[in-house]
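Worksheet for the structure shown next.
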There are 2 protein chains.
Amino acid sequence: MMNESLLNPQSIVVVGGSDDISKPGGKLLKNILDGGFQGELSVINPKKETVQGIRCFKTVADLPEKIDLAILAIAAQHCVPAVKELAKTKSTRAFIVISAGFSEDGPEGAQLEEELKKAVEDVDGALIGPNCIGMLTPTYSGIFTSPVPKLDPKGCDFVSGSGSTAVFILESALPKGLTFSSLVTVGNSAQTGIEEVLEYWDESYIPGKSSNIKLIYVENIKNPDKLLKHASSLIRKGCRIAAIKSGITDAGQRATASHTGALASSDSAVEALFRKAGIVRCFGREELTTVASVFNYPKLEGKNLAIITHAGGAGVMLTDALSGGGLNIPAIEGKAHDDILNILNPGSSASNPIDILATGTAEQLGQVIEYCDTQMDNIHGMIVIFGSTGLSRVFDAYEMIDQKMKQCRKPVFPILPSISSAREEVEFFLSHGHINFPDEVVLARALTSINQTPAPAEEEIFTEGIDIQAIRTVIKHAPEGFLDPATNNELLEAAGIPIVEEGIATSKKELTALAQRLGFPLALKVIGPVHKSDVGGVTLNIKSETHLLSEYRRMRKIKGVKSVLVQKMQTGTELFIGAKYEPTFGHVILCGLGGIFVESLGDTSYGLAPLTFEEARSMVRSLKAYPVIKGARGKEGINEDKYVEIIVRLSTLLRYATEIKEIDLNPLIGNKDEIIAVDGRIRVEK
Amino acid sequence: MMNESLLNPQSIVVVGGSDDISKPGGKLLKNILDGGFQGELSVINPKKETVQGIRCFKTVADLPEKIDLAILAIAAQHCVPAVKELAKTKSTRAFIVISAGFSEDGPEGAQLEEELKKAVEDVDGALIGPNCIGMLTPTYSGIFTSPVPKLDPKGCDFVSGSGSTAVFILESALPKGLTFSSLVTVGNSAQTGIEEVLEYWDESYIPGKSSNIKLIYVENIKNPDKLLKHASSLIRKGCRIAAIKSGITDAGQRATASHTGALASSDSAVEALFRKAGIVRCFGREELTTVASVFNYPKLEGKNLAIITHAGGAGVMLTDALSGGGLNIPAIEGKAHDDILNILNPGSSASNPIDILATGTAEQLGQVIEYCDTQMDNIHGMIVIFGSTGLSRVFDAYEMIDQKMKQCRKPVFPILPSISSAREEVEFFLSHGHINFPDEVVLARALTSINQTPAPAEEEIFTEGIDIQAIRTVIKHAPEGFLDPATNNELLEAAGIPIVEEGIATSKKELTALAQRLGFPLALKVIGPVHKSDVGGVTLNIKSETHLLSEYRRMRKIKGVKSVLVQKMQTGTELFIGAKYEPTFGHVILCGLGGIFVESLGDTSYGLAPLTFEEARSMVRSLKAYPVIKGARGKEGINEDKYVEIIVRLSTLLRYATEIKEIDLNPLIGNKDEIIAVDGRIRVEK
């Protein structure tokens, strides 16, 4: 948990503070001092009277009577007694433990960590760490590393599962001019993990006062539900969140495992979780800090951009990268084209990119930006490219860009590439609180990642026509392992998923009666073996009673077969829906076309249960084989609405039947009118 | 063209040089002076005695008797007389014209440019520009822009189709520590374009002396054959080439068109050209300069990397990015694992990434690097991540990395992320001539782009069993437009492409005779209409004479049908091969599976004719549907060798029949034994 003592302490004691700034306790104290902490600062160091000019106390008992926050930089075995005494005698309710030697070190350390947590929780206190680099807030800089970012209540809130990675992310962030409102490194997360920090951000959010930019570096998501809940809540409140979840590939997961002892989660579950929450997923530090830089500007409320440049090549590369990533650089035509051309020197181009040429003036630049902002409804933001060839200073242009950025309703993203030859001008520009994007393609990739991240999914679960009571009853009585066809059908029926008309026959008499009821053509399948096709246990398109009886005789001779399933034969295209339970994440649901598309091409898309109609539709549409569903080149498509609905229904079923660890509806047969499940496998584990 | 006077002049005159360094003529003169040009430098300026301390001459006639290189910074209309006089009276054979006002300005300027070119070519001279920012070589810095790169004979050779983009690329290159051996900005390319610069680099290449790193920024490839020839030749000699070709997307092409008046080439042709040449394609300035930075290190001769890090998170992100891009971080096991672990402190990991922990020393780091270099045959290169948390200096570690980089046979790539808190140490490291990669993922993406670029394709054209004489004869006599089936077959036969057994029937009698010869089942297709299926002109799998005759009667009633094509019915999987002629590039050849894969999913891959077997195989293998060709999940595959061979044969056919502007073999029917073309359309334009 987090509390006010942790975030905004009036008094801090650094237990183990020293003069040696090459040691964590010394460096942390220095950072707090350099950061200008306004409250009471004290140090416990039995060997000194003062360290770094701050009065030392020999023991906890000697301290003033009230200490809000204690930062511990002492050997692991001394931490628990210190915490207990501080909690008891100094009413301390917030603790940051940077010391290592806890659970990351083995069973004894884990035991010590458990005791540490208990000592803090006994007084309902907040604990950060152990084994972390600390944290900082606008009140104090409680980290023992460099660099220390500039603090700003409107800067980024940043939580990291790795201390060194947090340091390196700051190394990438600071030269860009990013500021920070807070940084929390959770270390071993004994009490407070990444999810709890998000929870605090969410619950303490004050519109207009809290920072709207949240950054996350995470190696192990322990509580996906909590992360989803608070991330999407924050985004709905107006925040923007970017995160790195590392450990994607097999090799990367090995690296994670060796690093934190954490078991990495399957990546498709992570991807699905982030999409559901609306988190912009990043894969490296530069990418994260570039996305954070974009977050510092007003939100782009649409896909259409105007590029205003005085250099052609950069404009072309930018256009390529934006268009390739799904943003538009719409051609400017008609009156707007002529109006813009009128502002500019002869030879300029107004077709978008708007090329004001090397001879374009600051005034012309300003007029064009303003025109795009006020006169062009189909433009949602502007990107300005303005560098220097070194012939003249560009202060006037940068002053104009600054001014227009402040005036415009739409976002204006500045690309100032001349970081060497116009260094002074760029610094002048940054001193107005702006962030520069020196490379157009790097900016374009950040903009397109943001654009491709959906809004958080609605939380409501679709239950129309779904009999949750019935689902629970079936699951309660179901045995473990693969369910029999009748139980499969009961579950699918309870979820409102259309299933093929069918029946079970254990004798010739039952078989012929069923055939009469269902009508030819029929499909015949053995009951018993899990991989029916492999044992010759599936015959399709049986058109006569003679054929039916001969197949029945044959199938009854297959080992383990006592009865057969008789189904009305369906015609159409094969579809697939499946799901797998990922521990802690819940069900990852896959969909795709059946047959070769799933088997050989692996063309599936996925989402995390429960799914909304919007999510399911976006899954279906992101299939490579979507043109087949839509219908193309004169071929009839498949009923997309019904497919989406079945995916949603299955996801609700799973939401209320987490005992189902695997489910395959394969195939469903679909045409333009209907989609019907003709075979399924469900495995239950309780 | 380029010549020695241009590259290594003993004397230079700046025509239009001045004291005003905010003007091109003044700034260019200053850059030459600052660059320490060792030869004779003079200026023509009628109004001054000296400018910037250099003696001025009023006219060309006043100059010393021999001038190697003239750089013109005067109004366009004065350039031609100046060039003529210099060429005639001062034996000048090299000219750089930075002045604008030529072909980019309209028809009059184009005329002036033609005269300029003629004046230079009349004396067999070299001309760079007009409308460029100049050029620089190790001898002189003849550009009028900032920044001016550090010159180094082993640095990058760089040619750019855009002056401002060259400037911005330098802005990205210089902070990385990249040096340059030459820069040529071709401007309007009146005489010397990008292709001619490559030609010069190729023809003047001296092993061990010339730079091995070539960078290209190009908006318009005018002579793809020339670019291909010299780029692949340079790469075969040991060079490494990276290039940006901008103007990819429709919007990007509009930007190019408005910028240079150049018609952008179709991007798939560019992609195919670059792959054929072995050029690493980049899409932005940061990417280009990062790839160039990698080029400064020894070549990675394999796909296996060891990551040696003292910070887990950065190692995980790096592993994710490398693995995702096709490079391997193989698990280290057995003896090597134990040996490395023995070097390190307890708690370290040797499984790759090798995590030496924050407590790892410089000495341990050096031992691990050396172990990977000398003891591990399955490791082809090492990446070292070493930053600072700000607690202590890291000079010793950086000295060790420097030392090992010099000693190791394998490449060692340094990731030093702490550019702020270890700024002095990083600068110390860079001062040894190294290049740092501050972000691990940015490095990983450059390494994987390089890894994914194939070696230059062989130049030999496959002609075995191809009757070039016959091809030329057929084409010579062929009319324009779509060819008839018989002519199609003659061409395919001449190329050795298997075609279905078939015949043409114009009467019932001919039809039955053909049926007897070919044997049932048969396919019947109308001759005449281009889109046969659309008019009901294709019937497959005809098994009896009655059916054959009834279909024949029906088809003869279709408008425009006078005869039918009778084919032996083939069974197997549908394949597709097509080609389109791209002006200047030649034929772009596409391949893929037939049916839905091409029609709805657009799953094709492409290459530029003529193709080698290796290229064609890589095209086939890069299809998403390749598993179908290979055979998967118990389903029989298609004969890949035969498919590859037909693609190569078609590419040779097209190489000798450039009059073919479009060709579709659709479908070919393939199985594990054979692949046979059953339908084709060929369009000729002469």
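The values are calculated or read from the model by the stated rules, or taken from the named source; none is laboratory data. Quick caveat: nothing in here was measured; it's all calculated off a predicted structure. Every residue, glycine among them, receives a Cβ derived from its backbone with ideal geometry; neighbour counts consider all protein chains shown.
A few points about this structure:
- Residue identified as buried (at least 19 other Cβ atoms within 10 Å of the Cβ) and assigned to a loop (DSSP other than H, G, I, E, B) among A:A446, A:A515, A:A523, A:A457: A:A457
- Residue match in region A:362-377 (condition: in contact (Cβ under 8 Å) with a residue 24 or more places away in the chain, touching a His at 6+ places or on another chain (Cβ under 8 Å) and in the same structural domain as A:V441 (by TED's automatic domain parsing)): yes
- On the stretch given as region B:72-108, residues that are part of a loop (DSSP other than H, G, I, E, B) and in contact (Cβ under 8 Å) with a residue 24 or more places away in the chain total 12.
- Scanning region A:339-356 for residues that are more than 10 Å from chain B (Cβ to nearest Cβ) and either over 16 Å from A:N378 (Cβ atoms) or crowded, with 19+ Cβ neighbours inside 10 Å (or both) yields A:I340, A:L341, A:N342, A:I343, A:L344, A:N345, A:I356.
- Here is the figure for region B:296-324: residues that are surrounded by fewer than 24 Cβ atoms within 10 Å (Cβ to Cβ) and more than 10 Å from every other protein chain (Cβ to nearest Cβ) total 9.
- If you go through region A:428-443 and keep only what is in contact (Cβ under 8 Å) with a residue 60 or more places away in the chain, more than 10 Å from chain B (Cβ to nearest Cβ) and assigned to a helix (DSSP H, G or I), you end up with just A:L430.
- Residue count, region A:319-345 (criterion: under 37 Å from the mean Cα position of the chain (by Cα) and part of a loop (DSSP other than H, G, I, E, B)): 7
- Some residue of region A:661-682 being more than 24 Å from A:T571 (Cα to Cα) and either among the basic types (K, R) or not assigned by TED's automatic domain parsing to the domain that holds A:K525 (or both): yes
- Only listed residue being crowded, with 24+ Cβ neighbours inside 10 Å, away from chain B (no Cβ under 13 Å) and touching a residue at least 40 places away in the same chain (Cβ under 8 Å), chosen from A:L183, A:L151: A:L183
- Residues that are part of a helix (DSSP H, G or I) and farther than 23 Å from B:L178 by Cα were ranked within region A:405-427; the one that is nearest to the other protein chains (Cβ to nearest Cβ) is A:E425.
- Filtering A:L178, A:L170 for residues that are without any contact (Cβ under 8 Å) to a residue 40 or more places away in the chain and crowded, with 24+ Cβ neighbours inside 10 Å leaves a single hit, A:L170.
Yes/no per residue for (1) over 39 Å from the mean Cα position of the chain (by Cα); (2) basic (K, R); (3) assigned to a loop (DSSP other than H, G, I, E, B); (4) modelled with pLDDT under 95:
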site	(1), (2), (3), (4)
A:G347	yes, no, yes, yes
A:L357	yes, no, yes, yes
A:G360	yes, no, yes, yes
A:E370	no, no, no, no
A:D377	no, no, yes, no
A:M400	no, no, no, no
A:Q403	no, no, no, no
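- Residue within region A:620-631 that is at pLDDT 95 or above, away from every other protein chain (no Cβ under 13 Å), within 26 Å of the chain's Cα centre (by Cα) and crowded, with 20+ Cβ neighbours inside 10 Å present: yes
- Members of region B:589-619 that are among the β-branched types (V, I, T) and surrounded by 22 or more Cβ atoms within 10 Å (Cβ to Cβ): B:I589, B:V598
- Residues that are surrounded by 24 or more Cβ atoms within 10 Å (Cβ to Cβ) and among the hydroxyl-bearing types (S, T, Y) within region B:190-220 comprise B:T192, B:Y217, listed in sequence order.
- For region B:154-171, a residue qualifies if it is among the small types (G, A, S), touching a strand residue (DSSP E or B) at 6+ places or on another chain (Cβ under 8 Å) and within 14 Å of chain A (Cβ to nearest Cβ), and the qualifying residues are B:S160, B:G161, B:S162, B:G163, B:A166.
- In region A:325-338, the qualifying residues are those that are away from every other protein chain (no Cβ under 12 Å) and over 24 Å from A:M400 (Cα atoms), and the one that is surrounded by the fewest Cβ atoms within 10 Å (Cβ to Cβ) is A:G334.
- Residue within region A:363-370 that is among the small types (G, A, S) and more than 12 Å from chain B (Cβ to nearest Cβ) present: yes
- Qualifying residue in region A:25-37 (condition: away from every other protein chain (no Cβ under 14 Å), in contact (Cβ under 8 Å) with a residue 12 or more places away in the chain and aliphatic (A, V, I, L, M)): yes
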